[in-house]
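**Q** Input: one structure, supplied below.
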Amino acid sequence: MIFISKYIVPKGYTGMTIFPFVFLKSKQLKENKVLVNHEKIHLRQQLELLVIPFYIVYGIEFFVRLIQYKSWHKGYRNISFEREAYSNEFNLDYLKHRTFWSFLKYLRSCDI
């Protein structure tokens, strides 16, 4: 379910997923199939990790990447969950063929 809220989505971002909801900054973004696909990839990741563990792993990995890259943006972009979502957001059929826990392929550090 998609909600529009410029207050929930952090400044500098256009969307955010908190299972089972996708929050977008503006109504026009609902038409952005790439962004919606990106957020749907996060929904699948959250479901696979039973939601709460997803946020714990996400937070720990972000902290590790932040230390590793010494940059908020580079740390965020190199979280395995984000790398999977960004790498496949243009493939609108990705979720039809995605294998279970595919984010693990993106765990190895790689500068984006």
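Bear in mind these aren't lab numbers, they're just calculated from the coordinates by the rules spelled out. All of these numbers come straight from a predicted model, not from anything done at the bench. Glycine also receives a Cβ, built like all others from the backbone with ideal geometry; neighbour counts cover every protein chain displayed.
**Q** Say we look at segment 5-39 and pick out the residues that are charged (D, E, K, R) and surrounded by fewer than 19 Cβ atoms within 10 Å (Cβ to Cβ); which of these is nearest to W101 (Cα to Cα)? Steps first, please.
**A** First pass over segment 5-39, keeping only residues charged (D, E, K, R): 6, 11, 25, 27, 30-31, 33, 39.
Still in the list and also surrounded by fewer than 19 Cβ atoms within 10 Å (Cβ to Cβ): 6, 11, 27, 30-31, 33.
Values: K6: 31, K11: 29, K27: 31, K30: 26, E31: 28, K33: 23 Å.
Going through the qualifying residues, I end up with K33.
**Q** Just to verify a result, which residue in segment 57-77, among those that are basic (K, R) and without any contact (Cβ under 8 Å) to a residue 40 or more places away in the chain, is farthest from W101 (Cα to Cα)?
**A** K70
**Q** Tell me which of these F100 doesn't satisfy, since it passes every other one: (1) in a loop (DSSP other than H, G, I, E, B); (2) touching an Asp or Glu at 6+ places or on another chain (Cβ under 9 Å); (3) within 21 Å of V34 (Cβ to Cβ); (4) of a type outside the set (D, E, K, R).
**A** Looking at each condition in turn, F100 falls short on (3).
**Q** While we're here: Hey, among the residues in segment 84-93 that are hydrophobic (A, V, I, L, M, F, W, C) and within 14 Å of the chain's Cα centre (by Cα), which one's surrounded by the most Cβ atoms within 10 Å (Cβ to Cβ)? First the steps, then the outcome.
**A** Going residue by residue through segment 84-93, those that are hydrophobic (A, V, I, L, M, F, W, C) are 85, 90, 92.
Remaining after also requiring within 14 Å of the chain's Cα centre (by Cα): 85, 90.
Numbers: A85: 22, F90: 11.
In this case the residue turns out to be A85.
**Q** Can you name every residue in segment 57-71 that is among the hydroxyl-bearing types (S, T, Y) and exposed (fewer than 15 other Cβ atoms within 10 Å of the Cβ)?
**A** Filtering segment 57-71 down to residues among the hydroxyl-bearing types (S, T, Y) leaves 58, 69, 71.
S71, the sole residue that qualifies.
**Q** Being of a type in the set (D, E, K, R) and loosely packed, with under 14 Cβ neighbours inside 10 Å narrows it down to one of K74, K96, so name that one.
**A** One residue alone meets the criteria, K96.
**Q** Would you confirm whether any residue within segment 73-81 is in a helix (DSSP H, G or I) and more than 21 Å from P10 (Cα to Cα)?
**A** No, segment 73-81 contains no residue that is in a helix (DSSP H, G or I) and more than 21 Å from P10 (Cα to Cα).
**Q** I've got another one for you. With respect to S80, is the statement that it is touching a residue at least 24 places away in the same chain (Cβ under 8 Å), small (G, A, S) and closer than 15 Å to H42 by Cβ true? Reasoning before the result, please.
**A** On the way: touching a residue at least 24 places away in the same chain (Cβ under 8 Å): yes; small (G, A, S): yes; closer than 15 Å to H42 by Cβ: yes.
So S80 passes the test.
The rows are residues; the columns are (1) aromatic (F, W, Y); (2) closer than 26 Å to I4 by Cβ; (3) touching a Gly at 6+ places or on another chain (Cβ under 6 Å).
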| residue | (1), (2), (3) |
| --- | --- |
| K27 | no, yes, no |
| H38 | no, yes, no |
| E48 | no, no, no |
| R65 | no, no, yes |
| K96 | no, no, no |
| L107 | no, no, no |
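**Q** Here are V64, V9, V36: which of them is out of contact with any Ser or Thr (no Cβ under 7 Å at 6 or more places or on another chain), part of a loop (DSSP other than H, G, I, E, B) and among the aliphatic types (A, V, I, L, M)?
**A** Checking each option against the conditions leaves just V9.
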